[in-house]
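Trainee: Take this structure, written in structure tokens, and hold onto it; I'll ask about it next.
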């Protein structure tokens, strides 16, 4: 998990309406999300894989 220091903006009723992050924390959060998306894409691809195809065969089909 990433350690992020956030600040909240609240409305007059005390409800949180917005969050303020530093640019550094925002960039770290985006990078973390992208890594999670990569892992999820790998897991989906791995789950859908039914057999192994050689690189030569793949290359031949797409050239």
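Trainee: With label points built 7 Å along Cα→Cβ from the Cα atoms of residue 54 and residue 9, find their separation and express it in nm.
Mentor: Once both label points are built, they end up 6.1 nm from each other.
Trainee: Let me ask something else. Roughly how tilted is helix 23-48, in degrees to the nearest 10 and between 0 and 90, from the longest Cα axis of the chain?
Mentor: Long axis of 23-48 versus the principal axis of the chain: about 30 degrees.
Trainee: Taking the highest mean first, how do the peptides 23-34, 48-59 order by number of other beta carbon atoms within 10 angstrom per residue?
Mentor: The densest-packed peptide leads the list: 23-34, 48-59.
Rule-based calculations on the coordinates, nothing more; no lab input. All of these numbers come straight from a predicted model, not from anything done at the bench. Here the Cβ is made from the backbone with ideal geometry for all residues, glycine too, and neighbour counts use every protein chain on show.
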